[in-house]
1. Output the residue which, of all residues in region 109-127 that are surrounded by 14 or more Cβ atoms within 10 Å (Cβ to Cβ) and assigned to a loop (DSSP other than H, G, I, E, B), is farthest from the ligand (Cβ to nearest atom).
2. When both residues are 6+ apart or on different chains and their Cβ atoms are under 6 Å apart, which pairs have a first residue that lies in region 86-100 and is under 13 Å from LEU58 (Cβ atoms), and a second that is among the acidic types (Asp, Glu) and within 12 Å of the ligand (Cβ to nearest atom)?
3. Limited to region 63-76, what total is found for residues that are surrounded by fewer than 16 Cβ atoms within 10 Å (Cβ to Cβ) and either touching a Phe, Trp or Tyr at 6+ places or on another chain (Cβ under 7 Å) or among the acidic types (Asp, Glu) (or both)?
4. Can you tell me how many residues in region 89-102 are touching a strand residue (DSSP E or B) at 6+ places or on another chain (Cβ under 7 Å) and either under 16 Å from ALA149 (Cα atoms) or of a type in the set (Val, Ile, Thr) (or both)?
5. Please go through region 63-92 and pick out each residue that is in a loop (DSSP other than H, G, I, E, B) and either within 19 Å of GLN159 (Cβ to Cβ) or more than 16 Å from the ligand (Cβ to nearest atom) (or both).
6. Taking the condition of being more than 16 Å from the ligand (Cβ to nearest atom) and either surrounded by 12 or more Cβ atoms within 10 Å (Cβ to Cβ) or among the hydroxyl-bearing types (Ser, Thr, Tyr) (or both), how many residues in region 41-62 meet it?
7. Which condition number does GLU153 fail, the rest of (1) modelled with pLDDT of 95 or more; (2) within 12 Å of the ligand (Cβ to nearest atom); (3) within 12 Å of PHE94 (Cα to Cα) being met?
Amino acid sequence: MKVLLLTSAIAIASSSLGNASPSNESPRVGTDVVINEMNVGRPGILSEVDHEIHVSMLETEDGRMVFSPSSLTLKAGNTVRFLIENHGELTHEFILDRPEINALHKQLMASRSETHFGENAITLAPGKTGELIWKFTDEGTLEFACLIAGHYESGMFGQIAVN
Ligand SMILES: [Cu+2]
């Protein structure tokens, strides 16, 4: 059961990257998750960057875990260089995807201790900084999130409106 779920989520995750081939498959996954057709975008290159956005990851005094800023508004066609800093005392990740894909990933992560790697994600140990360059190609709503077990529930997610 778990293996099947893992396989389908990985297939979905890779199809959300911009270089995946167009899919003729049903958009319905499992029994209650409907994947929309929005393209999440693709990795960008430095010479295309038209926005730099600093993102902090941290734990708060009252026990929450947050990204700052907590939401973003961009335009389709923007290439953003995210400069990400982990100001917390725990490892955090920044993963950029469609909300429904993050939700599937979160289910998997709940029973696993690994972190993500891939072109749409970066994992940072406490005190570390890193960057991710992404080109947003389609209008819609994306999400950045930390899917380490318990972190999303503690507040580590934010919406990206691409207009
Ligand atoms: Cu985290």
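The values are calculated or read from the model by the stated rules, or taken from the named source; none is laboratory data. Just so it is clear, the model here is predicted, and its values are computed rather than measured. Backbone-built Cβ (ideal geometry, glycine too); neighbour counts: all protein chains shown.
1. Per the stated criteria, the residue is GLU119.
2. GLY88/GLU59
3. So the answer is 1.
4. Residues meeting the conditions: 8.
5. ARG64, PRO69, SER70, LYS75, ALA76, GLY77, ASN78
6. Qualifying residue count for the region: 11.
7. All conditions are met except number (3).
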